[in-house]
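Heads up, the thing below is written out as C-alpha cells.
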C-alpha cells in the first residue's frame with residue numbers, strides 16, 4: 001500500500017464508519033485523502049437522498065472540487081451508503097482524468113478503482129450470509145455498464161490475489177527472524193478460512209507457485225456451510241478453527257515421525273498456521 | 001395496480017421516505033404490506049450496517065417472520081438504503097416461495113419483483129444526472145447473479161411499458177367525457193418528456209400499435225442534454241416544456257388549416273398534450 005501512496009497523491013477513500021477509512025489511508029501514507037462526506041459537504045445535491053449526520057458534517061472537509069483531481073479510488077471497507085458512494089465513484093469514473101465536475105465523452109477516462117477484497121457475501125450472526133464488498137463491486141460494474149454501455153475493470157487486492165500471500169510470506173519470515181531467530185521462510189503454511197472463493201482459492205493458487213507448501217483448511221462456521229459443495233477444493237475441511245489447528249499440528253507431528261510423505265525431509269518441520 | 005392487489009395478499013414494498021410507500025400500497029388496495037423496516041425491526045441483524053432511526057423504529061411493525069410469506073416485491077420509489085433493501089429483496093428472491101428465513105437450493109423459487117420504472121438516471125439540480133431506480137434494478141440483477149450464478153428477471157411497469165400508455169389513454173378518454181362530454185379517445189397525443197429511453201421510446205412504440213397518433217416531444221431541460229444523440233428519435237426536440245406545448249398547438253393549428261398532412265381529416269382536431 002505504501003507503493004500506492006507514493007503513486008497516487010489525491011485519492012477518494014470509500015467505506016467504513018465515519019472517518020475511520022481516512023485515518024487508515026493517512027496511516028498508509030496517502031498525502032491527500034478525500035471521502036464521500038467531503039464531496040457531499042461541499043456540494044449537497046451530489047446525493048439526492050443522503051444527508052450527512054451532524055457528526056459526519058463536522059468531520060468532513062470542504063474541498064475546492066473544481067480544482068481537485070482524484071487520482072485513484074480505494075474501497076477499504078464496507079460502504080454504509082451504497083447509492084451515494086456508487087454515485088460519487090461513478091462521478092470519478094466518468095470524469096476526464098479524475099477532475100470532478102467534468103464528464104468524459106467516452107466515459108472511460110477516469111481513475112482506477114481498487115477494492116480491498118471481493119467476497120460477495122460474509123458470515124454474520126444472521127442465519128444467512130450478508131452482502132459484502134464483492135456485491136458492491138458487482139453492483140458498481142453493472143450500473144457503470146447500464147449508463148455507459150461499457151465494461152468496467154476494477155482492481156481487487158486482498159485474497160485471492162497472490163500479492164496478499166506474498167505479503168503474508170514476508171511477514172511470516174520477518175516474524176520467525178524477530179521472535180525465533182530463524183532467518184528463512186516457513187516450509188509449510190496452513191491457511192484457515194471460511195470462504196472457498198477467496199481463502200481456499202488464493203491458498204491453492206499460491207501453493208502452486210510458492211516454494212513453501214500452503215495448505216488450505218476450510219471451516220464450516222462461516223460462509224461455507226456443511227453440506228454445500230465448495231467451489232474450490234480445500235486441502236482439508238474442519239468443523240471449526242480449533243479443529244483446523246489440531247489438524248495442522250497432528251499433520252506436522254506425523255510428518256516429523258515420518259508417517260507421511262515429506263518431499264523435503266532434510267529440513268526440520270518449520271510450519272506456520274495462519275487464520276483468515 | 002388494483003389487479004395486483006387482488007392477486008398478491010402479502011407484499012414487500014420498497015423505497016421512499018418513512019412510511020410513504022406503505023400508505024401508497026394500502027391506497028392501491030394491498031391487504032398486507034410489509035416494509036424493509038418491519039423486517040429490520042423484527043430481526044436487526046438482517047442489515048449489518050443499517051440501524052433504524054427512532055421514527056423508523058416507531059412506525060415499523062413487528063412481524064412473525066417464520067409465518068410470513070411474501071408473495072411479491074414492489075419497488076415503488078427510490079431506495080434510501082440500497083444495501084439493506086437489496087439484501088432484503090435478495091432474501092425474498094432466494095427463499096422457497098417467499099417464506100422468509102428459508103433458502104431455496106436453486107435460488108430461483110422466490111416471488112416476482114416489480115419496479116415502478118426503469119430510468120437508470122434522472123435530472124436533478126446537480127449538473128450531472130443522478131442514479132435512479134433503473135440503476136438499483138441493474139445492481140440487484142448483478143448481485144443476484146454474483147451469488148446464484150443465475151440471471152434474474154425483474155418486471156418493470158411504468159414507461160416505456162405499453163400498459164402505461166394504455167392506462168393514460170383510458171384516463172384521457174374519461175377526462176374528455178367528464179369535462180367536455182366527448183365520448184371518444186383523442187386522435188393525437190403529444191407526449192413531452194426528458195428521457196429518450198423511457199419517454200420517447202414508449203411513446204414511439206405505443207404510436208406503432210395505437211389507433212391514436214402519439215407524438216414524442218423531447219425537451220433539453222432534463223436527462224437529455226443539447227448536443228447528445230438520443231438513443232430513441234423523438235418526433236421533435238424542443239428547448240423546454242413551454243416550447244413543446246407551443247409546438248403541439250401550432251402543429252394542430254396548421255393541421256386544422258390543412259397545411260399538414262392529415263390522414264384522418266374527417267375528424268375535428270381532438271388532441272391532448274401529456275407531460276411526463
Which numbered condition residue B:114 misses (of (1) crowded, with 22+ Cβ neighbours inside 10 Å; (2) in contact with a strand residue (DSSP E or B) (Cβ under 6 Å, 6 or more places away or on another chain); (3) not in a loop (DSSP other than H, G, I, E, B)): (1)
Flag if residue A:226 is in contact (Cβ under 8 Å) with a residue 24 or more places away in the chain and within 26 Å of residue A:124 (Cβ to Cβ): no
Single residue of B:35, B:42 found to be touching a strand residue (DSSP E or B) at 6+ places or on another chain (Cβ under 9 Å), assigned by the TED database to the domain that holds residue B:6 and either touching a residue at least 60 places away in the same chain (Cβ under 8 Å) or surrounded by 15 or more Cβ atoms within 10 Å (Cβ to Cβ) (or both): B:35
Test set (1) in a loop (DSSP other than H, G, I, E, B); (2) surrounded by fewer than 19 Cβ atoms within 10 Å (Cβ to Cβ); (3) within 21 Å of the chain's Cα centre (by Cα) - residue B:182 fails condition number: (3)
Given (1) within 24 Å of residue B:140 (Cβ to Cβ); (2) more than 10 Å from chain B (Cβ to nearest Cβ); (3) modelled with pLDDT of 95 or more; (4) outside any helix (DSSP H, G or I), index of the condition residue A:79 fails: (2)
Failed item, numbered, when residue B:16 is tested on (1) touching a helix residue (DSSP H, G or I) at 6+ places or on another chain (Cβ under 9 Å); (2) within 14 Å of another protein chain (Cβ to nearest Cβ); (3) at negative phi: (3)
Test: residue in region B:32-40 that is in a helix (DSSP H, G or I), more than 14 Å from chain A (Cβ to nearest Cβ) and at pLDDT 95 or above: yes
Flag for residue A:206 being at pLDDT 95 or above and over 27 Å from residue A:124 (Cα atoms): yes
Selection within region B:44-76 - more than 21 Å from the chain's Cα centre (by Cα), more than 16 Å from residue B:18 (Cα to Cα) and not in a loop (DSSP other than H, G, I, E, B): B:65, B:66, B:67, B:69
Condition check for residue A:189: assigned by the TED database to the domain that holds residue A:222, more than 22 Å from residue B:86 (Cβ to Cβ) and part of a helix (DSSP H, G or I): no
Per-region count, region B:142-174, residues within 16 Å of residue B:89 (Cα to Cα), at pLDDT 90 or above and within 14 Å of chain A (Cβ to nearest Cβ): 11
Condition check for residue A:139: buried (at least 22 other Cβ atoms within 10 Å of the Cβ), within 25 Å of residue B:79 (Cβ to Cβ) and within 7 Å of chain B (Cβ to nearest Cβ): yes
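To keep it simple, each residue is scored yes or no on (1) farther than 26 Å from residue B:138 by Cβ; (2) in contact (Cβ under 8 Å) with a residue 24 or more places away in the chain; (3) in a strand (DSSP E or B).
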site: A:128; (1), (2), (3): no, no, no
site: A:141; (1), (2), (3): no, no, no
site: A:146; (1), (2), (3): no, no, no
site: A:164; (1), (2), (3): yes, yes, no
site: A:172; (1), (2), (3): yes, yes, no
site: A:178; (1), (2), (3): yes, no, no
site: A:231; (1), (2), (3): no, yes, no
Any chance residue B:130 is touching a strand residue (DSSP E or B) at 6+ places or on another chain (Cβ under 7 Å) and within 14 Å of chain A (Cβ to nearest Cβ): yes
Residue match in region A:91-111 (condition: touching a residue at least 40 places away in the same chain (Cβ under 8 Å), outside any loop (DSSP other than H, G, I, E, B), touching a strand residue (DSSP E or B) at 6+ places or on another chain (Cβ under 9 Å) and over 21 Å from residue B:228 (Cα atoms)): no
Residues satisfying the stated conditions in region A:148-162, i.e. in contact with a helix residue (DSSP H, G or I) (Cβ under 8 Å, 6 or more places away or on another chain) and either assigned to a loop (DSSP other than H, G, I, E, B) or closer than 23 Å to residue A:225 by Cβ (or both): A:150, A:151, A:152, A:154, A:157, A:158, A:159, A:160, A:161
Among (1) touching a residue at least 40 places away in the same chain (Cβ under 8 Å); (2) in a helix (DSSP H, G or I); (3) more than 22 Å from residue B:5 (Cα to Cα) - the single one residue B:119 does not satisfy: (2)
Residue list for region A:106-127, restricted to those being within 10 Å of another protein chain (Cβ to nearest Cβ) and farther than 30 Å from residue B:65 by Cβ: A:118
Hey, residue B:116 more than 28 Å from residue A:43 (Cα to Cα), within 17 Å of the chain's Cα centre (by Cα) and in the same structural domain as residue B:23 (by the TED database) or not: yes
Residue identified as in contact (Cβ under 8 Å) with a residue 40 or more places away in the chain, out of contact with any strand residue (DSSP E or B) (no Cβ under 7 Å at 6 or more places or on another chain) and buried (at least 21 other Cβ atoms within 10 Å of the Cβ) among B:85, B:81: B:81
Selection within region A:45-76 - within 24 Å of residue A:108 (Cα to Cα), surrounded by 19 or more Cβ atoms within 10 Å (Cβ to Cβ) and more than 14 Å from every other protein chain (Cβ to nearest Cβ): A:70, A:72, A:73, A:74, A:76
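The values are calculated or read from the model by the stated rules, or taken from the named source; none is laboratory data. What you are looking at is a predicted structure, and each value in this text was computed from that prediction instead of being measured. A quick note on method: Cβ atoms are made from the backbone with ideal geometry, for glycine too, and the neighbour counts reach across all protein chains shown.
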